[in-house]
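Chemist: Pasting a structure here, questions to come.
Laboratory data are not the source of any read-out in this text; all were calculated from the coordinates shown. These figures come from a predicted structure and were not determined experimentally. All Cβ positions, glycine included, derive from the backbone under ideal geometry; neighbour counts span all protein chains shown.
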Amino acid sequence: MNILICENENAVAFALNFYLQKNGHTVTLVKDGDSVLLKINSMDFDLIITDLFITFHTGFELLHHLRTVLKKKTPVIILTKLNDENEKQEALKMGADDFITKPFNPEVLIRKVNNLLYKTPKKIINTYVYVQMIDLEQLNQITEGDNDYLAEIIRHFIDVASELIVLIKKYLNEINCKDLLVQCEKLSRQLTFLGIYSANLITEQIITIITNKKDMYRIPSLVTELEIQTNKAISEAKKMI
């Protein structure tokens with residue numbers, strides 16, 4: 001299926017592109033409202049995923065143009081950091097079909113995408129999709145086909161990631177933001193190296209919150225989700241050696 005994504009955060013856009021392409025979709029990426037309007041005016045897409053707050057034109061303006069001006073029924077998923085019910089209700093009134101909150105869970109992403117793309121019963125064959133956590137293509141490029149080196153990298157990740165999760169939870173319980181930030185940065189480097197984008201999005205969100213000292217109340221739930229995503233990646237890594 002042909003999916004248009006409008007997202008101005010590079011890490012989020014990269015992760016969306018990775019998981020959607022891994023599940024067989026063709027992805028077009030744009031970063032601003034002008035670009036997305038040019039695309040939908042000239043092309044047809046099976047699904048649009050857009051941030052609510054993009055430059056030049058907001059997600060609300062995009063919805064208005066798509067539904068009112070172009071009269072297109074293309075499904076739209078709104079991607080946003082906000083959890084504001086008023087914003088959601090307004091977007092739904094303007095024609096949005098669903099929401100994904102950043103940082104996103106890749107399994108939730110694929111499930112919601114499938115629900116909208118294959119909602120016509122005749123098209124449904126099997127909407128269950130296994131979401132690969134680790135970017136094997138990236139690892140193979142790094143190791144140049146050296147299986148021993150690959151196994152060494154995987155073992156190192158398993159050991160280090162497990163330790164870092166323990167430390168992150170420890171410093172969270174101690175309300176020690178300085179050391180929590182350090183451990184999240186270390187984990188982020190590990191996750192980036194192995195191409196574990198879903199978990200790394202969460203570490204980046206925690207790092208941003210601690211650095212800006214804003215929305216600190218979100219950290220406990222983000223750490224919980226980070227532990228879940230990292231443990232899934234560790235389980236997948238263990239099967240590779």
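Chemist: Can you compute the FRET efficiency between T58 and R111 using 1/(1 + (r/R0)^6), with r the Cβ-Cβ distance and R0 = 25 Å? Round to the nearest 0.05.
Modeler: E(calc), rounded to 0.05, equals 0.40.
Chemist: Can you give the Rg/Rh ratio of the chain, where Rg is from the C-alpha atoms and Rh is the Kirkwood radius? Don't skip to the end; give the middle numbers.
Modeler: Values: Rg = 19.2 Å, Rh = 19.2 Å.
Using only Cα positions, Rg/Rh for the chain is 1.00.
Chemist: Here's another thing I want to ask about it. Which helices of the chain meet both criteria: a Cα extent of 24 Å or more along the helical axis and a mean Kyte-Doolittle score no lower than 1.6, with helices taken as whole DSSP H segments? Could the numbers behind the result be given before it?
Modeler: On the way: long enough: 147-173 (39 Å, 0.47); 177-194 (26 Å, 0.18); 219-238 (28 Å, -0.05).
Passing helices, by number: none.
Chemist: Around I241, with a cut-off of 14 angstrom between Cβ atoms, what is the net charge of the other residues, counting Lys and Arg +1 and Asp and Glu -1?
Modeler: On the way: positive: R155, K238, K239; negative: D146, D148, E152, D159, E236.
With Lys, Arg at +1 and Asp, Glu at -1, the net is -2.
Chemist: Extent of segment 136-238 along each principal axis, from alpha carbon coordinates, in Å, largest to smallest?
Modeler: 43, 20, 19
Chemist: Let me ask something else about it. With respect to the cross-link table entries K22/K238; K186/K214; K39/K72; K88/K232; K81/K112, which display a Cα-Cα separation exceeding 24 Å?
Modeler: Details: K22/K238 21 Å; K186/K214 21 Å; K39/K72 13 Å; K88/K232 30 Å; K81/K112 17 Å.
Long pairs (Cα-Cα over 24 Å): K88/K232.
Chemist: So for segment 136-238, taking the charge dipole from beta-carbon charges (+1 Lys/Arg, -1 Asp/Glu), which of N200, L181, Y217 sits furthest toward the positive end?
Modeler: With unit charges placed on the Cβ atoms, the residue in question is Y217.
Chemist: If R0 is 30 Å, what FRET efficiency do you get for N41 and F193 from their C-beta distance, rounded to 0.05? It would help to have the intermediate numbers written out before the result.
Modeler: Values: r = 40 Å, r/R0 = 1.33.
About 0.15, to the nearest 0.05.
Chemist: Go ahead and run the numbers for FRET between L29 and Y217, Cβ-Cβ distance against an R0 of 51 Å, rounding to 0.05. Working shown, then result.
Modeler: Numbers: r = 32 Å, r/R0 = 0.62.
Efficiency for this residue pair is about 0.95.
Chemist: Determine, at each q value in 0.14 (inverse angstroms), the log₁₀ of I(q)/I(0) that the Debye formula gives when each Cα of segment 2-123 is one equal point scatterer.
Modeler: -0.53
Chemist: Placing +1 at every Lys and Arg Cβ and -1 at every Asp and Glu Cβ, with all other atoms neutral, what dipole size does the chain have around its Cα centre, in debye to the nearest 20? Please report the intermediate quantities before stating the final value.
Modeler: Numbers: 28 positive and 31 negative charges, 162 e Å.
Magnitude of the dipole: close to 780 debye.
Chemist: While we're here: Which semi-axes, in whole Å and largest first, does the equivalent ellipsoid of segment 17-74 have when worked out from the alpha carbon gyration tensor as the square roots of 5 times its eigenvalues?
Modeler: Numbers: eigenvalues 79, 38, 18 Å².
In descending order the semi-axes read 20, 14, 9 Å.
Chemist: Within the chain, what is the longest stretch that has no chymotrypsin sites (Phe, Trp or Tyr not before Pro) placed in a DSSP loop and near at most 11 other beta-carbon atoms within 10 Å? Could you put the intermediate results ahead of the total?
Modeler: Numbers: sites that count: Y128, Y130.
Between exposed loop sites, the widest span is 1-127.
Chemist: Per the helix-only calculation at 222 nm, which mean residue ellipticity applies to the chain, given -39500 (n - 2.57) for every DSSP H run of n ≥ 4 and division by its residues, nearest 500 deg cm²/dmol?
Modeler: Details: 10 runs with 139 residues, N = 241.
-18500 deg cm²/dmol, from helical runs alone.
Chemist: Taking the chain as a Gaussian network, where each spring joins two C-alpha atoms under 10 Å apart, which residue of P75, P103, P220 fluctuates the most?
Modeler: Checking each option, the largest mean-square fluctuation is seen for P220.
Chemist: State which stretch of the chain is the longest one without any exposed GluC sites (Glu not before Pro), exposure meaning a DSSP loop state and at most 14 other Cβ atoms within 10 Å. It would help to have the intermediate numbers written out before the result.
Modeler: Working: sites that count: E144, E174.
Longest stretch, sites excluded: 1-143.
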